[in-house]
Amino acid sequence: KEDVYTSIHIEDLSLTGEATADGQMSVQTHVITIGEACTLSKVEITNCDIYGYQRGIYYDNYGANVSEGISLNGIQSSYILGSGGDNFDLRKACSISSITVKNSTFNHGCRTVFRIDAPVSVTGALTIENCTFNAMCQDNGNTLGGSNVQGILAVKATCGSFNVKNNLFLNMNCWLVGGNTACIVPVFSGNYAYNCCDAFFTSAKADGSGA
């Protein structure tokens, strides 16, 4: 039987995943790791600085249903190592009402920034808006074309809508839409890119569709 929880809310915190010098804490993988099947009303991370985690922000390999959605707003995320896992990573079948990423900055690191696999259902909108992405998916030996480096958007989930709008992409040596032919292409509007490699615009998809 599923356990039923209420919500996760993290706000106005500086969060570091780095190991401590005294060895009391090893490097942390994600800010939030879902450890068992559960039902949540909502997940919110607001106005937080996130630094030095091994993999990133959110990981669910169990299938947590989120009835009121996941919101990342006002995040400053930097120097995520990108070792052995992805930044925002949903892998098992679950139902999420919406995913919203807004007003946030992602600076250096990660392996794949947003990985949402096919078993996941986003019943409403998946929206990435008013964010800045700088030099992602290329630290810790991660390179364009690496077997697990799927770029900024590796979304294979079923979505009610998927919009990427009014974002700034800087100094990219990765794909914007990556992974494989199962990745879906969002509706793009009002985005700007500077000093990004050619592959960023052509995508890893076999048909060349993408940004």
Legend entry - Calculated P(r) tail over 16 Å for the range 28-124, as whole % of Cα pairs: 52 percent
Inset, instruction - Return the FRET efficiency for the residue pair T6, L168: r is the Cβ-Cβ distance, R0 is 41 Å, and the value is rounded to the nearest 0.05. - result: 0.70
Inset, instruction - Search the structure for amide H atoms under 5 Å from the amide H of W175, placed 1.01 Å from N in the peptide plane, and list their residues when 5 or more places away or on another chain. - result: G151, I152
Legend entry - Restricting the range 92-123 to trypsin sites (Lys or Arg not before Pro) in coil, as DSSP defines it, with at most 13 other Cβ within 10 Å: none
Inset, instruction - Give, in whole angstrom and from largest to smallest, the semi-axes √(5λ) of the equivalent ellipsoid of the range 159-200, with λ running over the eigenvalues of the Cα gyration tensor. - result: 19, 15, 6
Inset, instruction - Would you work out the relative contact order for the chain, in percent, from Cα pairs under 8 angstrom that are 6 or more residues apart? - result: 14 percent
Legend entry - Signed unit charges on C-beta, dipole axis of the chain, positive-most listed residue V120, F88, S41: V120
Inset, instruction - For n ≥ 4 DSSP H runs only, could you compute -39500 (n - 2.57) per run for the chain, divide by its residues and tell me the 222 nm figure to the nearest 500? - result: -500 deg cm²/dmol
Legend entry - Whole-number D in µm² s⁻¹ for the chain, Kirkwood Cα-pair radius fed into Stokes-Einstein, 20 °C, 1.002 mPa s: 126 µm²/s
Inset, instruction - Could you pull out the GluC sites (Glu not before Pro) across the range 5-87 that fall in loop regions by DSSP (anything but H, G, I, E, B) with no more than 15 other Cβ atoms inside 10 Å? - result: E18, E36, E68
Legend entry - Charge dipole (debye, nearest 20) of the chain; +1 at Cβ of Lys and Arg, -1 at Cβ of Asp and Glu: 540 debye
Inset, instruction - Kindly point out, ordered by number, any Cys in the chain whose beta-carbon has no other cysteine beta-carbon under 4.7 Å away. - result: C38, C48, C94, C110, C131, C159, C183, C196, C197
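Taking a probe of 1.4 Å, how large is the accessible area per residue of the chain, in Å²?
43 Å²
The values are calculated or read from the model by the stated rules, or taken from the named source; none is laboratory data. Note that the structure is predicted; figures quoted are calculated from it, not measured. Counting neighbours? That spans all protein chains shown, and the Cβs are built from the backbone with ideal geometry, glycine included. Note: areas computed on protein heavy atoms with side chains; ligands, DNA, RNA excluded. Shrake-Rupley method; radii C 1.70, N 1.55, O 1.52, S 1.80 Å.
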